């Protein structure tokens, strides 16, 4: 649950709940289907969503980010029009992408939080009780989603391995190299969302890493 929206202007919107805690949940990982232990993706075509942060991140890692509707992904991988894609284990499993992908690695390059936001105009029309009901329901839904995600993710990965996918973990030094490569992207969007907020988020992320 965020007390304030993660972007300016602060007084026009209000964030009621965030699924996944804005990237601080280390158990929910995004995974790119790649074939090498080192994350060097020169000219590799990697599908992502139509989002500037996602696009810039994939490109910063050396790949060519390809925004594509998810409904077209299976066929694109099957025909070799794409070299890889990003997505959680559960999505790869339920969409049967393991049928057209062989390799998988937990790159953890992006955390895609889902937030519930309402306008200040709508918020001001609610009574105090209505605000509390809305906030508490968002918090309850967020916590439930996190619990289900944390339970399903390792189970999905185990099933993907059982079905033949080759899992390659990322070494700590390689993960550090990836963070260095995407730092310009972080710095770029920190100016948009607010450098103070970004600093707080980075501090929480580092705290989470130290607790592993």
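Values quoted throughout were computed directly from the atomic coordinates according to the rules given, and no laboratory measurement underlies them. Small disclaimer: the values here were computed from a predicted structure and weren't measured. We place every Cβ from the backbone using ideal geometry, glycine too, and count neighbours over all the protein chains shown.
Computed values, structure above
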{"read-out": "Rounded if a/c under 1.5, otherwise prolate or oblate - the range 51-134, Cα gyration tensor axes", "value": "prolate"}
{"read-out": "Approximate spin-label separation residue 71-residue 125, in nm, with each point projected 7 Å along Cα-to-Cβ", "value": "3.2 nm"}
{"read-out": "Inter-centroid distance (Cα atoms) of the range 120-159 relative to the range 47-112, Å", "value": "26 Å"}
{"read-out": "Segment residue 51-residue 64, length gained on full extension (0.36 nm per residue, minus Cα span)", "value": "3.3 nm"}
{"read-out": "Cα→Cβ-extended label distance, 7 Å offset, between residue 158 and residue 189, nm", "value": "3.3 nm"}
{"read-out": "Long-range tail of P(r) for the range 117-212 (Cα pairs > 20 Å, %)", "value": "68 percent"}
{"read-out": "Label-point separation in nm, residue 135 to residue 78, each point 7 Å along Cα→Cβ", "value": "4.9 nm"}
{"read-out": "Ranking of 57, 48 by count of other Cβ atoms within 10 Å, fewest first", "value": "57, 48"}
{"read-out": "Burial ordering of 104, 170, fewest other beta-carbon atoms within 10 Å first", "value": "170, 104"}
